[in-house]
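The values are calculated or read from the model by the stated rules, or taken from the named source; none is laboratory data. Values in this document were obtained by computation on a predicted structure and should not be read as measured data. Here the Cβ positions follow ideal geometry from the backbone for every residue, glycine too, while neighbour counts run over all protein chains shown. Quick note on the areas: whole protein, heavy atoms, side chains included, nothing else; ligands and nucleic acids left out. Shrake-Rupley method; radii C 1.70, N 1.55, O 1.52, S 1.80 Å.
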Amino acid sequence: MRAVDFWPPSTLEIVFLLLGLVAVGSALLVVTTRQLVHAALWLVVCFGALAGCYLVLTAEFVAWVQVLIYVGAVVVLLLFGIMLTRAPIGRSDDLDSGNRVVAAVVAVATAGVLVSVVVGGFQHAYADLRPGAGSAEELGASIFRNWVLPFEALSVLLLAALIGAIVLSRTDIKGRR
Amino acid sequence: MHVVYPAVVAALLFSIGVYGVLARRNTILVLMSVELMLNAVNLNLVAFDVWLRDMLHSGQVLTLFVIVIAAAEVGIGLAIVLAVFRTRKAIEFDRLRELGEP
């Protein structure tokens, strides 16, 4: 572990910080915007910027999975949910509950604690980025050699979630009396 | 790449998610904030995996698992939200006060 100065930041760090700025800014817009659909669209921006962060951190496979599943599937699901619950499309002023101030205080306290702990704990940690460390080849080999059992358990969990979602959303299945 | 940068970005994203969960009334917006928190954890996992150069790639593999679990969670969550909407005609948290059947 060699000591590297914070100033000047390398090009990679500048790119990462810009992407992180986009992610944090759009996340702030997600939790503060007054239009429900805009929140989902800002979520797309946030997830896309995070995928860029993963790319900068050489985790390319994770980045593409993020784009496919989060931007492609999760946000579309959320938009479907917004549509099916007949949410108002325009501005609506009742999206926030009465405890905004308390929530802001809790969030600022969380951010303060986490950031100070992280900065205090890892200010000398420096990661040498090695291209190709997160490629599909390496990750696939790792999943199917060392992580096969959790992988299979996860596929069972996905199946259970699928069946659960079907059972929950069908109206003609009655419970046992 | 200093490890502090991704860790700080992840901490900020997590606290934004905390704010969203506590301050929003609409259930779908709360689900979105939960997704933000999960993404903060993912960023941490990837950054520390890259830093520690784990031979098993546990950080990135766990990130993939978290992404899959988040997808399952959103599916189930939206099914529950739709079931609640069908029976109560509202998905605002503070209007869902009764526990029994209507």
(request) Search segment B:74-100 for residues that are surrounded by 14 or more Cβ atoms within 10 Å (Cβ to Cβ) and pair each with any residue that is aromatic (F, W, Y) when their beta-carbon atoms are under 7 Å apart and the residues are at least 6 apart or on different chains. (result) B:I91/B:F85
(request) Could you pull out the residue among B:A72, B:A23, B:A7, B:A79 that is under 30 Å from A:D5 (Cβ atoms) and facing chain A (nearest Cβ under 7 Å)? (result) B:A7
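If you check A:A87 against the conditions, is it under 20 Å from B:D94 (Cα atoms), aliphatic (A, V, I, L, M) and touching a helix residue (DSSP H, G or I) at 6+ places or on another chain (Cβ under 9 Å)?
When the stated conditions are applied, A:A87 passes them.
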(request) From the list B:V46, B:V41, pick out the single residue that is part of a helix (DSSP H, G or I) and either within 7 Å of another protein chain (Cβ to nearest Cβ) or farther than 20 Å from A:V45 by Cβ (or both). (result) B:V46
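Could you tell me which residue of segment A:1-32 is most open to solvent (accessible area, probe 1.4 Å), considering only residues that are under 30 Å from A:L78 (Cα atoms) and without any contact (Cβ under 8 Å) to a residue 12 or more places away in the chain?
Start the filter on segment A:1-32 by keeping residues that are under 30 Å from A:L78 (Cα atoms), which leaves A:15-32.
Next, only the ones that are without any contact (Cβ under 8 Å) to a residue 12 or more places away in the chain stay: A:17-18, A:21, A:24-25, A:28, A:31-32.
On the way: A:L17: 67, A:L18: 105, A:L21: 123, A:V24: 25, A:G25: 31, A:L28: 86, A:V31: 2, A:T32: 63 Å².
My answer is A:L21.
Conditions (1) under 28 Å from A:T11 (Cα atoms); (2) touching a Leu at 6+ places or on another chain (Cβ under 8 Å), marked per residue:
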residue: B:M1; (1), (2): yes, yes
residue: B:V4; (1), (2): yes, no
residue: B:A10; (1), (2): yes, yes
residue: B:L13; (1), (2): yes, yes
residue: B:L31; (1), (2): no, yes
residue: B:A40; (1), (2): yes, yes
residue: B:G77; (1), (2): no, yes
residue: B:F93; (1), (2): no, no
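Answer yes or no: is there a residue in segment A:96-107 that is in contact (Cβ under 8 Å) with a residue 12 or more places away in the chain and within 24 Å of B:L36 (Cα to Cα). Give the steps one after another, and end with the answer.
In the first step, residues of segment A:96-107 are kept if they are in contact (Cβ under 8 Å) with a residue 12 or more places away in the chain; the result is none.
For segment A:96-107, residues in contact (Cβ under 8 Å) with a residue 12 or more places away in the chain and within 24 Å of B:L36 (Cα to Cα): absent.
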(message) Among the residues of segment A:35-44, are any open to solvent by 10 Å² or more (accessible area, probe 1.4 Å) and within 10 Å of chain B (Cβ to nearest Cβ)?
(response) yes
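So which of B:V61, B:V41, B:V68 is closer than 30 Å to A:R145 by Cα and open to solvent by less than 10 Å² (accessible area, probe 1.4 Å)? If you could, list the steps in order and put the result at the bottom.
Working: B:V41 fails: open to solvent by less than 10 Å² (accessible area, probe 1.4 Å); B:V68 fails: open to solvent by less than 10 Å² (accessible area, probe 1.4 Å).
Sole residue among the options that is closer than 30 Å to A:R145 by Cα and open to solvent by less than 10 Å² (accessible area, probe 1.4 Å): B:V61.
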(request) Answer with yes or no whether A:L57 is buried (at least 22 other Cβ atoms within 10 Å of the Cβ), of a type in the set (A, V, I, L, M), at the interface with chain B (Cβ under 7 Å from one of its Cβ atoms) and over 22 Å from A:L129 (Cα atoms). (result) no
